[in-house]
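> Structure below; questions to follow.
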Amino acid sequence: MDHFLRRDGRLCAEGVSLEGVAERVGTPAYVYSTATIVEHVRRLREAWRPAEPEIHYAVKANANLGVLRVLREQGVDFDVVSVGEIDRVLRAGGTPARIDFAGVGKRRDEIDRALEVGIGTFNVESAPELEAIDEVARERGQRARVALRVNPDVDAFTHRHITTGRCENKFGLDFAAARALAARAAGMPGVRLSGLHVHIGSQIVRVEPYAEAVRLALGLARELRQAHGGFERLNIGGGFGIHYREEEAPAMSAFAQVVLPVIEGSGFILQMEPGRLIVGNAGVLLTRVLYVKQGGQRRFVICDAAMNDLLRPSLYDAFHRIEPVVSRGGEPRPVDVVGPVCESADTFARDREMPPLQAGDLLAIRSAGAYGFVMANNYNARPRPAEVLVDGDRWGIVRERETLDDLCRGEHVEPRWVD
Ligand SMILES: *Cc1c(COP(=O)(O)O)cnc(C)c1O
């Protein structure tokens, strides 16, 4: 479901012409649809209604302040992985006490800052991390609320870069380690164990492994609650797959239908941390064709967006639908859609059937709302794109395009000699 639709053959975001946006802000540019974000949150709540879960949006999927503001207005809370993300949530008006702080490598200064602003829960992934949180909290005279992230050793059947729930992955504690740590935590005055957390990967399109991970985590949570008290929450993570291709992912309700019976009557407060599901199909990347080049057997459509703007195809071989913003028709033929960066991996699509294209044509790379701009970088000294938010018939800039001055900020032609 999304609100990018054609009117008179022209692709629009809600009531706004993407052609008009590209003319005003230039390309490449990310465009996000408020209505799509809001609708995803609504459907997610609807699907899980019997359990009334706390929804903590995973900020790393799309951390734009304008997007975070939309989510806060929907009553969504936040899941962060760094002090930088905490800062963004606070700027967008998020409530610190409802932030969850996840990640395998939290620095002491990050733990300190998180305690200072009063974040809700630390999701802990190792014994030394729990010790560090205990120590920093005691130094501050505070007691940190902590959830143990467990690794259930379940295969999520997703891309190897985004699977996180196998024992060979760096994430979480195996069950024996979690039991031992829970026992030790009882003697740590700086921490209080509030629950168990599990997250087995991203873009998960099979419900069974998901349900299995929840089943295993729930069993352990029950056991630890009985042994130590506390443990009032069960955080089932994020990872719900979306449609990059047509009909690729199960319906939102499919995960709920399988997981709800597992947790029913368990008495735990249910929590989840979806990122991609909420914003993935709420964004497109607009780019213009610079040249069309015939190279041997291959036809290359060279556009002004590149792997530095949208990394997913190069990083994960990810598939994104690509459409001309103005349909002109004509016989489709296979082309490679590529960017200008000096890497062969700078390819958005290979052998993709596209209608005839020419220089100046505007393309929309679909489903670019999650893990798009957040992974953008300045490789080849390319400024990062502008970001635009549409709301009904209105649109505005939520991030200016970077300038060349931005790119050189903090650099010195002559070293600033220190020693
Ligand atoms: C990345 C991440 C999420 C969000 O994953 P999505 O696939 O975007 O839903 C949730 N929880 C944790 C711990 C994560 O690392």
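Derivation of every value follows stated rules applied to the coordinates shown; laboratory data play no part. Bear in mind the structure is a predicted one, so any value in this text is a computation, not a measurement. In this analysis, Cβ positions are derived from the backbone assuming ideal geometry, glycine residues included, and neighbour counts consider all displayed protein chains.
> Is it possible to state the helix-based mean residue ellipticity at 222 nm for the chain, with each DSSP H run of 4+ residues giving -39500 (n - 2.57), the sum divided by total residues, to the nearest 500 deg cm²/dmol? What is it?
Working: 12 runs with 123 residues, N = 419.
About -8500 deg cm²/dmol.
> Multiplying the sequence separation of Glu168 and Asp153 by 0.36 nm and subtracting their Cα-Cα distance, what value in nm do you get?
Working: separation 15, 0.36 × 15 = 5.40 nm, distance 0.83 nm.
Once the chain is fully extended between Glu168 and Asp153, it gains 4.6 nm.
> Sticking with the crude label model, points 7 Å out along Cα→Cβ, report the distance from Val262 to Asp405 in nm, one decimal please.
Modelled inter-label distance: 5.3 nm.
> Provide the FRET efficiency to the nearest 0.05 for the Val326-Glu208 pair, computing r from the beta carbons and using R0 = 35 Å. Walk me through the numbers before you get to the answer.
Values: r = 43 Å, r/R0 = 1.22.
E between Val326 and Glu208, to the nearest 0.05, is 0.25.
> Would you order Tyr316, Tyr32 from fewest to most other beta-carbon atoms within 10 Å of each residue's own beta-carbon?
Details: Tyr316 16, Tyr32 27.
Ranked by crowding around the Cβ, least crowded first: Tyr316, Tyr32.
> Can I ask one more? Suppose every K and R has +1 on its Cβ and every D and E has -1 on its Cβ; what is the size of the dipole of the chain about the Cα centre, in Debye to the nearest 20? The partial results should precede the final answer.
Values: 54 positive and 59 negative charges, 68 e Å.
That gives a dipole near 320 debye.
> Using the Karplus curve 6.51 cos²θ - 1.76 cosθ + 1.60 with θ = phi - 60°, what ³J(HN,Hα) values do you get for each residue of region 136-146, in whole Hz, with x for Gly and Pro?
The phi angles translate into 5, 5, 5, 4, 8, x, 10, 10, 8, 7, 9 Hz.
> Enter the Cα centre distance for the pair region 38-65 and region 349-374, rounded to the nearest angstrom.
Between the Cα centres of region 38-65 and region 349-374 lies a distance of 27 Å.
> Something else about it: Restricting the count to DSSP beta bridges whose residues both fall in the chain, what percent are antiparallel, rounded to a multiple of 5? Could the numbers behind the result be given before it?
On the way: 35 of 70 bridges.
Restricted to the chain, the bridges split so that about 50 percent are antiparallel.
> Stretched out fully, how many nm does the piece from Arg24 to Ala97 gain, at 0.36 nm a residue minus the Cα gap?
Details: separation 73, 0.36 × 73 = 26.28 nm, distance 3.96 nm.
Between Arg24 and Ala97, full extension yields 22.3 nm more.
> Could you pull out every residue, at least 5 positions away or on a different chain, whose amide H is within less than 5 Å of the one on Glu54? Hs are placed 1.01 Å off N in the peptide plane, and Pro or chain starts have none.
Distant-sequence amide H within range of Glu54: Leu270, Gln271, Met272.
> Rounded to the nearest 5, what % of the DSSP beta bridges within region 1-158 are antiparallel ones? Let's see the in-between values first.
Details: 6 of 17 bridges.
Counting only bridges with both partners in region 1-158, antiparallel ones make up about 35 percent.
> Would you pull out the residues with amide H under 5 Å of Ala349's amide H, same chain only if 5 or more places away, H placed 1.01 Å from N?
Excluding prolines and chain starts, which carry no amide H, the hits are Val337.
> Hey, which lysines would be in cross-link range of Lys106, C-alpha to C-alpha under 20 Å, not counting anything within fewer than 8 residues on its own chain?
Output for Lys106: Lys60, Lys170.
> Could I ask something else about it? Beta carbons within 10 angstrom, averaged per residue: use that to sort the peptides 69-75, 35-41, highest first. Don't skip to the end; give the middle numbers.
Details: 69-75: 17.0, 35-41: 20.9.
By packing density, highest mean first, the sequence is 35-41, 69-75.
> Sticking with this one: Given the Cα-Cα distance of Arg6 and Phe300 and 0.36 nm per residue of separation, how much length would full extension add, in nm? Mind dumping the intermediate values first?
Details: separation 294, 0.36 × 294 = 105.84 nm, distance 2.58 nm.
Working it through step by step, the gained length comes to 103.3 nm.
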